[in-house]
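Here the structure is laid out as structure tokens; the discussion comes afterwards.
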Amino acid sequence: MLRELSIRNFAIIEHLEVTFDGGLTVLTGETGAGKSIIIDAVQLLAGGRGSSEFIRHGAPKAELEGLFVLDDPNHPVFYKLQEAGIESDEGMIILRRDLNANGKSTCRVNGKLVTIGILREIGAQLIDIHGQHDNQELMMEKRHIYLLDHFAGDALKRAHVNYLELYSAYMKLKKKLEAATENEQQVAQRIDLYSFQLKEIDSAGLVIGEEEELEAEQNKLQHFHRLFERLNTAYESISGDMHALDWVGSAMSDLEDAASVDTSLAAHAESVATSFYTLQDTAHDLKNLIDQMEFDPGRLDFVESRLAQLLTLKRKYGSTVEDILLYREKIADELDQLINRDERLEKGKEKLEQLVQDLEVEAMELSLIRKDAAKQLETAILQQLKELHMEKATFDVRVTQQPGVFDMNGFDDVAFFISTNVGEPMKPLVKVASGGELSRIMLALKTIFSKHQGITSIIFDEVDTGVSGRVAQAIAEKIAMIATHSQVLCISHLPQVAAMADHHYLIKKEVKDDRTTTAISEITGMDRTKELSRMLSGAEITELTLQHADELLSLADNRKKAFRP
């Protein structure tokens, strides 16, 4: 449940901190006091859409923070936290969101920075905010299937997982086959293109490493005369007229003779001897190399032509020879598929037909579960509507099948039908229900779902607007009943609802330092009686309205004892 809420610089709220308990908490106050602003803050804290317009005038940012305490260690929200790498301590979860003047938000969960998406996923597990506009979910027929599936529970979830696995494979193969059945002209053009490219690449006879060898050979051929001249000069310096090798040989003989007298010169003698024999071998190799050298202009033309061919292929098919060969394998495979496409298409169609048969089985399983759940939901809603003084209403959850037409939910269409008056035919809910009826139907659904929904805090924002008398009392009792399974926070103008509260908070506007701000305080005893009296009379508080308020509180206590053992 939402244990603590802190709001700072949000709309007309400068700073507000409030501690909530379990059960039913009702927030009341004059119109415009800021009741819905508090709900807006909670909604943003749970990942709702925010903007800089929420920031209090003159403040740099708005700060929202909420502490949630969960007793169930297996609550689904803890798995969400684990997926996001967020630690939780003793069942406590702290959500924080700062709205900055630039319109951006900073979100944290238990101190860790998270995206608005993660905050929204975690918030959805903790808070369910229901206002008058949420009745529109009932007015969208395509949403009815989700309401039914939610009621059906784990049995449908397990069947849905199996169905989605098949549906994913079905859609993937279906799209692949649709892409493969493109027009014949495009297929023929692609076959011609790939055939030409394969021929061009294969005729080049590409060899990995060839380009590097050719570039090295090109370099030598382009500088043949310079290379020949330098080798000749080097040879002449060692063994030619300059007699370098003879001088080194003479030095070697002298040092060897000297070393026979002074052994410390042996190392020097050995070093010169090694140099002599190395120079002698080098001179021999240079001589052979020079004798073999012969400039071949035809070879240079071939090398440059081959390198130009490789450059052309690289411009077309890849930056390296390796890339070209990889591209060649890719188009060869695609060409094979195009040439043999009829055979592949036939196999694909056979597989798709098998998937359709399997989908029919899984979709039928979903449909059977939904039809069974529909009967249970009809019974449950009729009972709730009876308690909400719609005892003459009849309600029907219709599940119709569209075999062969699959979507994420199978092949079912779900629609709620209702007749609110005796003798009137059943008609789609989206066409006949009034605003007050929608509120009671949605409240009936909330009552049913709250028993196994797992949401820790349910917030009702003026869902009782436009009702009075015994209907108002029935709605009050229904909201209090929901509070036996979840913490409920409710903004209300109805004294019947306020009287059913376990905790009653009064919200009012105050002016401090020429600025309007919102304040909140829990009221008990005579203060609470006076607030109920104000809600009853709408104007002056009298002894009679105070007496009526006391009677209303006494009646509420007795009614709560009836369904809270």
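The values are calculated or read from the model by the stated rules, or taken from the named source; none is laboratory data. Quick caveat: nothing in here was measured; it's all calculated off a predicted structure. Here the Cβ is made from the backbone with ideal geometry for all residues, glycine too, and neighbour counts use every protein chain on show. Protein only, heavy atoms only, side chains kept; ligands, DNA and RNA dropped before computing areas. Shrake-Rupley method; radii C 1.70, N 1.55, O 1.52, S 1.80 Å.
At a glance:
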item	result
Cα gyration tensor, segment 1-132 - rounded (a/c under 1.5), prolate or oblate	oblate
Estimated inter-spin distance, Arg341 and Tyr79, nm [label 7 Å along Cα→Cβ]	4.4 nm
Cα-projected label distance for Glu236 with Thr400, points at 7 Å along beta-carbon direction, nm	10.6 nm
DSSP beta bridges in the chain [antiparallel fraction, %, rounded to 5]	75 percent
Cα centroid separation, segment 111-126 to segment 472-532 (Å)	28 Å
Estimated D of the chain in µm² per second, where Rh is the Kirkwood radius over Cα pairs and Stokes-Einstein applies at 25 °C, 0.890 mPa s	76 µm²/s
Principal semi-axes in Å for segment 11-73 [√(5λ), Cα gyration tensor, largest first]	23, 17, 10
For segment 485-565: rounded, prolate or oblate by the Cα gyration tensor [a/c cutoff 1.5]	oblate
Accessible carbon and sulfur surface of segment 1-130 relative to its total accessible area, %, 1.4 Å	46 percent
Length gained when the stretch His485-Gln218 is fully extended (0.36 nm per residue, less Cα-Cα span)	87.5 nm
Mean projection area, nm², convex hull over Cα of segment 38-115	5.5 nm²
Length gained when the stretch Met171-His57 is fully extended (0.36 nm per residue, less Cα-Cα span)	35.9 nm
Amide H partners (placed H, <5 Å) of Glu424, local residues excluded	none
Rounded to 10°, Cα long-axis angle of helix 116-126 versus longest principal axis of the chain	40 degrees
Gain on full stretching of the segment that runs from Lys392 to Gln547 - 0.36 nm per residue minus C-alpha separation	52.4 nm
Accessible surface, per residue, of segment 264-361 when the full set of protein chains is kept, probe 1.4 Å, Å²	66 Å²
0 to 90° range, to nearest 10: angle between helix 297-317 axis and the chain longest Cα axis	0 degrees
Pairwise Cα inverse-distance average, inverted: Kirkwood Rh of segment 320-385 (Å)	16.6 Å
Separation in nanometres of the label points that stand 7 Å from Cα toward Cβ, at Asp72 and Glu360	4.0 nm
Quotient of C-alpha Rg and 2.2 N^0.38 Å, computed over segment 242-312	2.01
